[in-house]
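A quick write-up on the structure given underneath.
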Amino acid sequence: MSQIFAIFVTVFLAELGDKTQLATVLFASENKTSPWLVFAAAAAALVLSTAIAVVLGTAAEKYLVKIPLKLIAGIGFILIGAWTVYGHFKGV
């Protein structure tokens, strides 16, 4: 149960305020579209993209056992953050 909670919290926090959520807010703010339709479409898209990630991760598991993926992902996020901060100050 703790693994499910950790996965839920990690994905939930990662999705807060990202571009996907902002796009969903914009779709929901249009009067032409039903909020339930926006919810269903956004939820289906998230489920499908997660399913693809799980399938690819499961298939790649045997090839990536010796590669420190958490370290690589962490360094990648740090680089993206540094690039974002640099872009902010460069634009000033």
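Looking at A6, A43, A23, A28, can you tell me which residue is among the aliphatic types (A, V, I, L, M), without any contact (Cβ under 8 Å) to a residue 12 or more places away in the chain and in contact with a helix residue (DSSP H, G or I) (Cβ under 7 Å, 6 or more places away or on another chain)?
None of the others qualify; the one that does is A28.
Which pairs have Cβ atoms under 8 Å, sit 6 or more apart or on different chains, and link a residue in the range 46-58 that is within 17 Å of Q21 (Cβ to Cβ) to one that is among the hydroxyl-bearing types (S, T, Y)?
Note: pairs meeting the criteria are L46/T20.
Name every residue in the range 60-76 that is in a helix (DSSP H, G or I) and surrounded by fewer than 10 Cβ atoms within 10 Å (Cβ to Cβ), in order of residue number.
Once the filter is applied, which keeps residues that are in a helix (DSSP H, G or I) and surrounded by fewer than 10 Cβ atoms within 10 Å (Cβ to Cβ), the range 60-76 yields K70, L71.
Any chance you could count how many residues in the range 1-24 are surrounded by fewer than 10 Cβ atoms within 10 Å (Cβ to Cβ) and more than 28 Å from K70 (Cβ to Cβ)?
Final tally of qualifying residues: 0.
Being in the same structural domain as F12 (by TED's automatic domain parsing) and either farther than 18 Å from I7 by Cα or touching an Asp or Glu at 6+ places or on another chain (Cβ under 6 Å) (or both) is true for just one of L26, L79, L56, L46. Which residue is that?
L26
The values are calculated or read from the model by the stated rules, or taken from the named source; none is laboratory data. Because the structure is a prediction, the values reported are computed rather than measured. We place every Cβ from the backbone using ideal geometry, glycine too, and count neighbours over all the protein chains shown.
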